[in-house]
1. Go through segment 59-84 and give me each residue that's touching a Ser or Thr at 6+ places or on another chain (Cβ under 7 Å), free of Cβ contacts under 8 Å to residues at least 12 places away in the same chain and of a type in the set (A, V, I, L, M, F, W, C).
2. So which residues in segment 71-85 are closer than 19 Å to C120 by Cα and either outside the structural domain of C104 (by TED's automatic domain parsing) or not charged (D, E, K, R) (or both)?
3. Restricting to segment 115-148, count the residues that are touching a helix residue (DSSP H, G or I) at 6+ places or on another chain (Cβ under 6 Å) and part of a strand (DSSP E or B).
4. Any idea which of (1) of a type in the set (S, T, N, Q); (2) assigned to a loop (DSSP other than H, G, I, E, B); (3) modelled with pLDDT under 85 is the one S55 doesn't satisfy?
5. Taking segment 90-113, which residues are β-branched (V, I, T) and within 18 Å of the chain's Cα centre (by Cα)?
6. With (1) at pLDDT below 85; (2) of a type outside the set (V, I, T); (3) touching a Leu at 6+ places or on another chain (Cβ under 6 Å) as the list, and K96 as the residue in question, which single condition is left unmet?
7. When you check R101 against the structure, is it among the basic types (K, R) and over 21 Å from R58 (Cβ atoms), yes or no?
8. Hey, among C104, C84, C122, C33, which residue is under 30 Å from T4 (Cα atoms), surrounded by 13 or more Cβ atoms within 10 Å (Cβ to Cβ) and at pLDDT 90 or above?
Amino acid sequence: MLDTKRCRDCGRDLPLGEFSPTKAYADGRSAACKDCAAAYCRTRYAEGAISQRLSAKREWHLHKKYGISELEYAKLLVAQDGVCAICERPETQKAKSGKVRQLCVDHDHETGEIRGLLCCRCNRAIGQLGDTHEQVSRVLNYLRSGAFADS
């Protein structure tokens, strides 16, 4: 087995460790060295291709999971003034990238019907309650009863 490989972009013969592992090629290493791959990514990011790809991925996700387009999501967001349908506050949770997340699409798990957009906190809360009216009513009754207050 060879200990070096020629980069398709810069043409240098480099040790195999200079190429990222991948199953796409028979030798198990990418065609471009890590330096050339990084330069390519920086260029594509600067051109906006990365954000376009992320937008296309989000569009696919919205369509596949909820049957709506990015435009329909945007209309829901405008109708809700950009805030959560329950707590009426903007999203504050951050993604790994450090950017504030977008509001979650809340839908009825039985019918698939979209109810609105929720912040991560409210979306998780109703999910923890089993997405049922009965559980929400029980929580409401509990809070109204004052059973948790000190005597």
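The values are calculated or read from the model by the stated rules, or taken from the named source; none is laboratory data. Please read these numbers as outputs of a predicted model, since none were measured by experiment. Methodologically, a virtual Cβ is constructed for each residue, glycine included, from the backbone with ideal geometry; neighbour enumeration extends over all protein chains shown.
1. Within segment 59-84, no residue meets the criteria.
2. Result: Y73, A74, L76, L77, V78, A79, Q80, G82, V83, C84, A85.
3. Residues of segment 115-148 that are touching a helix residue (DSSP H, G or I) at 6+ places or on another chain (Cβ under 6 Å), as a first pass: 117, 129.
Applying the additional criterion that residues be part of a strand (DSSP E or B) yields 117.
Total satisfying the criteria: 1.
4. It fails just one condition, (2).
5. Within segment 90-113, the subset β-branched (V, I, T) is 92, 100, 105, 111.
Correct list: T92, V100, V105.
6. Answer for K96: the failing condition is (3).
7. Details: among the basic types (K, R): yes; over 21 Å from R58 (Cβ atoms): no.
Judged against the criteria, R101 is not a match.
8. Working: C104 fails: under 30 Å from T4 (Cα atoms); C84 fails: under 30 Å from T4 (Cα atoms); C122 fails: under 30 Å from T4 (Cα atoms).
When all the criteria are applied, what remains is C33.
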